[in-house]
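Undergrad: Submitted below is the structure of interest, expressed as structure tokens.
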Amino acid sequence: MDGEDRLRSRGLRVTRPRLAVLEILGQGGHLEVDEIIQRVRTDHTAVSVQTVYDVLGALARAGLARRIEPAGSPARYEARTGDNHHHIVCRGCGEIADVDCAVGEAPCLDPSSAHGFELDEAEVTFWGLCPTCQKLRRAD
């Protein structure tokens, strides 16, 4: 399904900024807003910062993007949605990688008490050192 169809399928109007941001997110990664703005502006110089924030908010609400907020880091956005995957974050350089659900069906975790909530998603962030930062630490 192309970007236009994906937007329409979620009830969103098709606009150039939305298509541009969808394309950028589709290239993969866990991107900060500033990175997304820089990439959008390479093709659409007239796009404002607020427009990109608005697009990201609309895409996240529609389930076409996912916003993650690792502690101590700016918000990041990714295109991988709807599969309840988790993340691992390097304490050294901040690199983020996807971690598939460790248990299976969503939610991956069964809390001791759901406090009356009907659970449909679990968000887990693992922390550690990436291979590059491990090597740097051993070299010190």
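The values are calculated or read from the model by the stated rules, or taken from the named source; none is laboratory data. In this text, all values refer to a predicted model and were calculated from it rather than measured experimentally. Here Cβ is always computed from backbone atoms with ideal geometry, including for glycine, and neighbour counts include all displayed protein chains.
Undergrad: Does any residue of the range 102-111 turn out to be closer than 27 Å to residue 38 by Cβ and either among the β-branched types (Val, Ile, Thr) or not in a helix (DSSP H, G or I) (or both)? Spell out how you get there, then give the answer.
TA: At the first step, the residues of the range 102-111 found to be closer than 27 Å to residue 38 by Cβ are none.
No, the conditions are met nowhere in the range 102-111.
Undergrad: Which of the residues that make up the range 1-22 are under 18 Å from residue 43 (Cβ atoms), among the charged types (D, E, K, R) and exposed (fewer than 15 other Cβ atoms within 10 Å of the Cβ)?
TA: Here is the first cut: in the range 1-22, the ones under 18 Å from residue 43 (Cβ atoms) are 2-4, 7, 14-22.
If we keep only those that are among the charged types (D, E, K, R) too, we end up with 2, 4, 16, 18.
Passing the criteria: 2, 4, 16.
Undergrad: To continue, here is another question. Kindly indicate whether residue 98 is assigned to a loop (DSSP other than H, G, I, E, B), assigned by TED's automatic domain parsing to the domain that holds residue 127, charged (D, E, K, R) and farther than 23 Å from residue 13 by Cα. Break it down stepwise before answering.
TA: Working: assigned to a loop (DSSP other than H, G, I, E, B): no; assigned by TED's automatic domain parsing to the domain that holds residue 127: yes; charged (D, E, K, R): yes; farther than 23 Å from residue 13 by Cα: yes.
Taking the combined requirement at face value, the residue does not satisfy it.
Undergrad: For the range 35-72, which positions are in contact (Cβ under 8 Å) with a residue 40 or more places away in the chain and either of a type in the set (D, E, K, R) or assigned to a loop (DSSP other than H, G, I, E, B) (or both)?
TA: Once the filter is applied, which keeps residues that are in contact (Cβ under 8 Å) with a residue 40 or more places away in the chain and either of a type in the set (D, E, K, R) or assigned to a loop (DSSP other than H, G, I, E, B) (or both), the range 35-72 yields 62, 63, 64, 65, 70, 71.
Listed here are the residues, each with its yes/no results for (1) of a type in the set (A, V, I, L, M, F, W, C); (2) more than 20 Å from residue 4 (Cα to Cα); (3) exposed (fewer than 13 other Cβ atoms within 10 Å of the Cβ); (4) modelled with pLDDT under 90.
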{"residue": "55", "(1), (2), (3), (4)": "yes, no, no, no"}
{"residue": "83", "(1), (2), (3), (4)": "no, yes, yes, yes"}
{"residue": "88", "(1), (2), (3), (4)": "yes, yes, no, no"}
{"residue": "115", "(1), (2), (3), (4)": "no, yes, yes, yes"}
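Undergrad: Might you let me know whether the range 22-34 holds any residue that is under 12 Å from residue 62 (Cβ atoms), out of contact with any Cys (no Cβ under 9 Å at 6 or more places or on another chain) and at pLDDT 95 or above? Walk me through it before giving the result.
TA: Restricting attention to the range 22-34, the residues satisfying the condition of being under 12 Å from residue 62 (Cβ atoms) are 22.
Narrowing the set further to residues that are out of contact with any Cys (no Cβ under 9 Å at 6 or more places or on another chain) leaves 22.
Going one step further and asking which of them are at pLDDT 95 or above, we end up with 22.
So far as the range 22-34 goes, yes, one or more of its residues are under 12 Å from residue 62 (Cβ atoms), out of contact with any Cys (no Cβ under 9 Å at 6 or more places or on another chain) and at pLDDT 95 or above.
Undergrad: Filter the range 117-140 for residues that are among the acidic types (Asp, Glu) and surrounded by fewer than 14 Cβ atoms within 10 Å (Cβ to Cβ); which is farthest from residue 85 (Cα to Cα)?
TA: The initial filter retains those residues of the range 117-140 that are among the acidic types (Asp, Glu), namely 118, 120-121, 123, 140.
Filter once more, keeping what is surrounded by fewer than 14 Cβ atoms within 10 Å (Cβ to Cβ): 118, 120-121, 140.
On the way: 118: 19, 120: 13, 121: 9, 140: 34 Å.
The selected residue is 140.
Undergrad: Here is a further query. Restrict the check to the range 109-122 and report whether at least one residue is under 12 Å from the mean Cα position of the chain (by Cα) and either over 24 Å from residue 13 (Cβ atoms) or not β-branched (Val, Ile, Thr) (or both).
TA: Scanning the range 109-122 turns up no residue that is under 12 Å from the mean Cα position of the chain (by Cα) and either over 24 Å from residue 13 (Cβ atoms) or not β-branched (Val, Ile, Thr) (or both).
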